Amino acid sequence: MTFEPLAGIIFNFEGTLAELNIDFQLMKRRVSALAGVFLERSVSPGIPPVHEWIEKLAEELGRVNPLVVKEFLSRCGMLVTAVEMKAAQKGGFFPFTFDVIDILK
């Protein structure tokens with residue numbers, strides 16, 4: 001059996017090579033508040049993962065006011081990124097991370 005050389009390896013960084021510190025509930029609460037403004041109603045945090053939930057909210061918003069969907073998605077992206085960046089400041093690499101990267105070189 002022969003193996004082709006790998007062209008690359010993709011890691012889900014947080015939780016694989018570094019500590020996972022993201023507060024997903026905070027993220028959902030912030031998206032919920034934003035969605036409430038756009039949809040002009042109270043929005044409770046959804047059950048699906050945040051990105052899937054944002055897409056569902058965008059679909060609903062598209063039926064109500066399609067002109068603002070891009071703005072909503074853009075603002076959601078900024079909220080998600082802000083929570084992720086704050087979490088990254090508290091995080092750190094696992095002890096084996098740099099050894100794994102060295103091996104893969």
Condition first: within 20 Å of the chain's Cα centre (by Cα), part of a loop (DSSP other than H, G, I, E, B), among the hydrophobic types (A, V, I, L, M, F, W, C) and surrounded by 15 or more Cβ atoms within 10 Å (Cβ to Cβ). Can you find one or more residues in the range 48-64 that meet it?
no
Whichever residue in the range 48-105 is in contact (Cβ under 8 Å) with a residue 60 or more places away in the chain and of a type in the set (Gly, Ala, Ser) and, among such residues, is farthest from Phe38 (Cα to Cα):
Gly92
Tell me, which residue of the range 1-17 that is of a type outside the set (Gly, Ala, Ser) and over 23 Å from the mean Cα position of the chain (by Cα) is most open to solvent (accessible area, probe 1.4 Å)?
Met1
All-but-one check, Val83 against (1) among the β-branched types (Val, Ile, Thr); (2) outside any helix (DSSP H, G or I); (3) in contact with an Asp or Glu (Cβ under 8 Å, 6 or more places away or on another chain), failing number (2)
Which residues, taken from the range 18-28, are part of a helix (DSSP H, G or I), surrounded by fewer than 15 Cβ atoms within 10 Å (Cβ to Cβ) and of a type outside the set (A, V, I, L, M, F, W, C)?
Gln25
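The values are calculated or read from the model by the stated rules, or taken from the named source; none is laboratory data. Computed from a predicted structure; not experimentally measured. Positions of Cβ are generated from backbone atoms using ideal geometry, with glycine treated the same way; all protein chains shown enter the neighbour counts. Accessible surface areas use protein heavy atoms only, side chains included; no ligands, DNA or RNA. Shrake-Rupley method; radii C 1.70, N 1.55, O 1.52, S 1.80 Å.
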